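A short reminder: the numbers here are calculations on the coordinates, not readings from a lab. Keep in mind that what you see is a predicted model, and the values were worked out from it rather than measured. Here Cβ is always computed from backbone atoms with ideal geometry, including for glycine, and neighbour counts include all displayed protein chains.
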Amino acid sequence: MTETRDENRPGGDPAAQVRRVLGLSALEASGESGYRNLAVERIVELAGLDRRSFYRCFDDAASCYASGYVTTVEDLVTDLEGATGKHGAWIDCMQTGLDKLGQFLEVETKLARGIFLEVHVARGEAAAKHDEVFERLSHAVDTARRENASRHSPPPIAARFILNMIEAAASRWLRSDDPEPFAKAIPDLLYVAAVFYFGREEAERQVRGA
């Protein structure tokens, strides 16, 4: 995901760039050894900076992680939204979004572990951002209702359940060091998501088409 990894954006505020690099490094460090073992020493080592630079920006490792999480997850969600676009069939948009997510998990695995596996340990500002983006993505997933011409009507919590299912699948993959690509799980995720909104028969047809 080049948007997340563009750590040296030209023309930006140097202090903001340092904060960004430190935040990314905090996510990576938590992905390596877990949030509870997050240490300033490892963050600055990964960032290629010194402790003085760190303490100019953050009070502690927790605030650095929170800053990195908020910025990086916003970038990721914006990237997913850009990939899916505002037009096209719902199933195609879901396929594109899941493909993009899979690329991120496989290319930025350590960073992804820091995001997906450690946010529920970190809580606070990072957890609040997690809930915010879930709400935002729930509205995007729920646009499937506009395409549902049948009398099949999913419960109001369908979109939230689908997002939880996707997050759980990503977390399982990140924990398992599965040699199989995450892409192998995407057809099943698509099918279950489509069943909620369109029923089994139509879901099978749509997933085959996607």
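Give the relative contact order (percent, whole number) for the chain; include only Cα pairs under 8 Å separated by 6+ residues.
On the way: 222 pairs, mean separation 46.0, N = 210.
In percent, rounded to a whole number, it is 22.
Given a Förster radius of 41 Å and the C-beta distance between Arg56 and Ser171 as r, what FRET efficiency does 1/(1 + (r/R0)^6) yield to the nearest 0.05? Each step should come with its number before you reach the end.
Working: r = 34 Å, r/R0 = 0.83.
The formula returns an efficiency of 0.75 here.
Would you list, by chain and number, the aspartates and glutamates whose Cα falls below 19 Å from the Cα of Lys184, excluding same-chain residues fewer than 8 positions away?
Those aspartates and glutamates meeting the cut-off are Asp92, Asp99, Glu106, Glu108, Glu167, Glu204.
Per residue of the chain, what 222 nm ellipticity follows from adding -39500 (n - 2.57) for every DSSP H run with n ≥ 4, rounded to the nearest 500?
Details: 12 runs with 153 residues, N = 210.
Estimated from H runs of four or more residues: -23000 deg cm²/dmol.
List the trypsin sites (Lys or Arg not before Pro) within the stretch 121-209 that fall in a DSSP loop (any state other than H, G, I, E or B) and whose Cβ has at most 11 other Cβ atoms within 10 Å. Mind dumping the intermediate values first?
Details: sites: Arg123, Lys129, Arg136, Arg145, Arg146, Arg151, Arg160, Arg172, Arg175, Lys184, Arg200, Arg205, Arg208; in loops: Arg123, Arg151.
Hits after loop and neighbour filter: Arg151.
Could you identify which residue out of Ile91, Ile157, Ile186 has the top mean-square fluctuation in a GNM of the chain using Cα springs shorter than 10 Å?
Ile157
Which angle between 0 and 90 degrees, to the nearest 10, do you get for helix 90-107 versus the longest principal axis of the chain when only C-alpha atoms count?
Relative to the chain, helix 90-107 is tipped by roughly 30 degrees.
Mean projection of the alpha-carbon convex hull of the chain over all orientations, in nm²?
Seen from a random direction, the Cα hull of the chain projects 12.3 nm² on average.
Compute for the stretch 97-207: radius of gyration divided by Kirkwood radius, i.e. Rg/Rh, restricted to C-alpha atoms, rounded to two decimals. Write out the running numbers ahead of the final one.
Details: Rg = 15.0 Å, Rh = 15.1 Å.
Looking at the stretch 97-207, the ratio lands at 1.00.
Quick one: net charge around Glu135, please, counting Lys, Arg +1 and Asp, Glu -1 for every other residue with C-beta under 15 Å from its C-beta.
Surrounding charge for Glu135 is -3.
Zone of Asp92 (label point 7 Å along Cα→Cβ, backbone N under 16 Å): which residues in the stretch 155-192?
Flagged as within label range: none.
Using bins 5 angstrom wide from zero, how does P(r) for the stretch 42-166 break down, in % of all Cα pairs?
For the stretch 42-166, the pair-distance distribution reads 2, 9, 17, 20, 18, 12, 9, 6, 4, 2, 1, 1, 0.
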